[in-house]
Amino acid sequence: MKKMMNKSRSPSSGKTEQGLSRRSFIAGVAGSSLMMSMGSLVSGCSSEQASQALASGDLTKLFSPNIWFEINGAGDVLINIVRAEMGQHVGTSLAQIVADELGADWSKVSFKHVDTDPKWGVMVTGGSWSVHTSFTLLSQAGAAGRTILIDAASKLMGVAAETCTAENGVVTSGAKSLTFAEIVSNGDFSRTITQEELAAMPVKAPADRKVIGRDLRNLDVADKSQGSAVYGLDAELPGMAYAMPLLPPTRYGSKVVSIDESAAQSIDGYIGAMEIKDPSQTVQACVVVAAETMPAAMKAAKAVQVEWTPGPTAKVSESAILAEGARLAADPEAGTLYVSEGDISAAKASAARSMAATYTTSTALHFTMEPQNALVEFDAEGKCHIHAGNQWQSLILPYLAQALEMPENDIIIHQYYLGGGYGRRLFGDQMIPAALAAREMGRPVKLIFDRPTDSRFDCVRSPSVCSFEASFDADGALSGIDHAVVAGWPTKGMAPGFLGTGIDGKGKFDGFSISGADHWYTLPSHRVRAINNELAQATFLPGWLRAVGPGWISWGVESFLDEVAHEQGQDPLAMRLAMLDGAGKNAGGSGSTVGGATRLAAVLKDVAERAGWGRDMPENEGLGIGVGHGQERGMPTWVACVAHVEVDPASGGVTLKKLWQTIDVGTVVNPDGAMAQAEGAALWGVSLALHEGASFANGEVVEQNLDQYTPLRMSDVPELDIAFVDSQEFPSGLGEPPLIPVAPAIGNAIFAASGRRVRELPIRLS
């Protein structure tokens, strides 16, 4: 298999009525974003005027054929980015798409992140959707701009448009050429492109691309490395007050009894403490403490004493949540049917034997380096301006409108760089107390969470339970797998309109939290039940954490398949390859699903070969394998992973020595950014597998800072060997998929090294 890139690093260096599934949601995102305003928005100049200024750019002129980019008279290209930047260089990748079709000079390209003007459509950055959902849209926007530029240039040069090409910021026809600067300064831009023409706009063949697929200067690196990049935490406004929140003992149901400010009154700069009364009930029983300076706010937050009555989950523990999950998984009537293929009841009834296992994950926190924050002001017209980094502006706006009791269009979110998102900033709930405090105080308020408060306020990844039962016929062949999936559901808590309806019509399911269960393996019979853990739902606000459902569901699926293989006396690789036959629904279709399961089989074969699967291993060492096909079944990224571990038989300590991955994401837009995404996702997969684990006690998360919550440390980073398939297929997503197969690969490697089967994340052998 041909590789696009390959790096090594050492340690030191089934939609039914399934309502709005995640796939149907992102289709809606893409569709809404296609509402573009085409046509020239600038005043051109006549051909008579052109001769006067061909040598110099006219900076009074601006070519802006659609909302996605503009070119000034100096030939500078500014691209508007609606996706959030949190370290993945999304602005550069999306700019590459436009620049390639436009034929722009990359040295003259820049971008800006836009605010929440309705013209941008749905604004969301998550699910590894950004490139996938934007590729066609931005390609056609760039192609439309190129078409209009060529039309204008052909008139200036007196040639037929069909003879012109655009490349590196120059339109050429034979011996004649004009720069974009010259065209914009002097061209006639009377031509417009209709929506119908835009939808049918031809784009470049892969062989003709000059910018996509190249390692180019990431446009945001200089600002970040020089300290000029502005994050939400950096935002300032004249006359702003500083504030910190005090949170109740439970997320829901707590009531403020009293607020004692006496100890804070002597603090220089202290303003006061106020209970936040949120009509949306998103943020309950929160008290905001305000001061003129941040040090004063920090002191006051410790001095102000608040008495609360706790809500009904004040005694809930992690073990109780997991026990409830196990109970629900064992109840055949619980939940709603998500997958039903073949006849699982018949397979179980006629089984000569069966085997079962349950896989769990603990609470996981986001722990973004930049704690939650928001700066809010109301202008003279009464409009609310929010300055913060956020991943899903379109989600929080209705909540803000309800909380502030004002129209959505009067609320503007100004986007900043995110100091980590990972799914936490998909919900901007910290904006609500900041906005209500600013309105109450009549001045700008900057609300900042300290680390422990940020942890308590986190929309955590829910503890989860996956139970499996495999049935085998009289010949010993696998005849079916019954699978129950239980967790708290983010979508139920934050976006209930996106819940789907099960195929049995008995209830709803969270497509974000069940994705990965409808996998690409061919099975004679397969049933999956999606079950909401209502105890988890009542205790905290479940959140989307990088890789969401597949991040923990595939831990169970891939680990259990390994168990089945060993029970059958089969090689785990061979068994998987036999099941990845691309039959039936697993054949794939169009777009990024082309090839279906056969593409997953191809990356699996490749990574196994590169890792030396089947070779003799030293004592107490082993190789384990796992695959991922996320983020979504409708936009799969094919990932296969092999882990090499060593297990200390005395202590139970696990050393992850090396990870191999082969990834087929289709077209790679930004190779350097893609590799960084893959490495970061894989390492977080390691962190969640071996290190990260939190717990609830008395209705609250216990591990509130990094002295208790321990992500992967530099000293534990394994050698990475990651390769991308050289592909010209439609691009899929990359921010999350490389995380998905890491935990099961490690768990399966531990079994190969020690004979011990692990079924809990994080993995603890000692």
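Laboratory data are not the source of any read-out in this text; all were calculated from the coordinates shown. Quick caveat: nothing in here was measured; it's all calculated off a predicted structure. Cβ placement follows ideal geometry from the backbone for every residue including glycine, while neighbour counts extend to all protein chains displayed.
A compact table of results
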quantity	calculated
Surface/4 estimate of mean projected area, convex hull on alpha-carbon atoms of segment 530-580, nm²	5.0 nm²
Proximal lysines relative to K506, as straight alpha-carbon distance under 22 Å, when same-chain residues fewer than 8 apart are discounted	K15, K492
Directionally averaged projected area (convex hull, Cα atoms, segment 34-226), nm²	11.5 nm²
Full-stretch length increase - S266, R615 - with 0.36 nm per residue and alpha-carbon distance subtracted	118.5 nm
Dipole axis of segment 558-704 (+1 Lys, Arg; -1 Asp, Glu on Cβ), positive-most option in V564, H691, S590	S590
Between segment 615-640 and segment 257-330, the Cα center-to-center distance that results, in Å	43 Å
Subset of K299/K383; K112/K277; K315/K348; K176/K204; K348/K585; K204/K605 violating a 30 Å alpha-carbon distance limit	K299/K383; K112/K277; K315/K348; K204/K605
GluC sites (Glu not before Pro) lying in DSSP loop within segment 136-223, provided at most 13 other Cβ fall within 10 Å	none
When segment 553-622 is reduced to its Cα atoms, the Kirkwood hydrodynamic radius in Å	13.6 Å
Taking all pairs of distinct alpha-carbon atoms in segment 326-400, Kirkwood radius in angstrom	18.9 Å
Ranked by how many other beta carbons lie within 10 Å on average, peptides 126-133, 292-299 from highest	126-133, 292-299
Förster-model FRET efficiency, 56 Å R0, A74 and A697, C-beta, rounded to 0.05	0.35
Sparsely packed chymotrypsin sites (Phe, Trp or Tyr not before Pro) within segment 643-748, loop by DSSP, other Cβ within 10 Å at most 16	none
Zero-based 10 Å bins, Cα pair distances in segment 640-712, whole percents	15, 34, 29, 19, 3
Cα centroid separation, segment 334-368 to segment 454-471 (Å)	14 Å
Relative contact order [Cα under 8 Å, 6+ residues apart], segment 74-227, whole percent	30 percent
Neighbour-count ranking [beta-carbon atoms within 10 angstrom, fewest first] of C286, C641, C384	C384, C286, C641
Hits among aspartates and glutamates - C-alpha to C-alpha of K224 under 19 Å, sequence gap 8 or more where chains match	E85, D215, D234, E236, E370, D672
Residue-span extension gain [D223 to K585] - 0.36 nm each, minus C-alpha spacing	125.7 nm
Segment 395-409 and segment 207-230: distance between their alpha carbon centers, rounded to Å	35 Å
Rounded to whole Å, sorted largest first: equivalent-ellipsoid semi-axes of segment 167-261, Cα gyration tensor	53, 21, 18
Ordering of 119-125, 748-754 by packing [mean C-beta count within 10 Å, highest first]	748-754, 119-125
Hydrodynamic radius by Kirkwood, which averages 1/r over all alpha carbon pairs of segment 431-493, in angstrom	16.6 Å
Gained length - K210 relative to S190, 0.36 nm times residue gap less alpha-carbon distance	4.4 nm
The chain - share of DSSP beta bridges that are antiparallel (%, nearest 5)	75 percent
Computed [θ] at 222 nm, deg cm²/dmol, the chain (DSSP H ≥ 4; -39,500 (n - 2.57); rounded to nearest 500)	-9000 deg cm²/dmol
For M494, M714, order by how many other beta-carbon atoms lie within 10 Å, fewest first	M714, M494
For the chain, fraction of C-alpha pairs farther apart than 53 Å, in %	15 percent
DSSP bridge pairs, segment 34-226: antiparallel proportion in percent, nearest 5	70 percent
Estimated distance in nm for a label pair at D379 and S766, the labels positioned 7 Å out from Cα along Cα-to-Cβ	5.8 nm
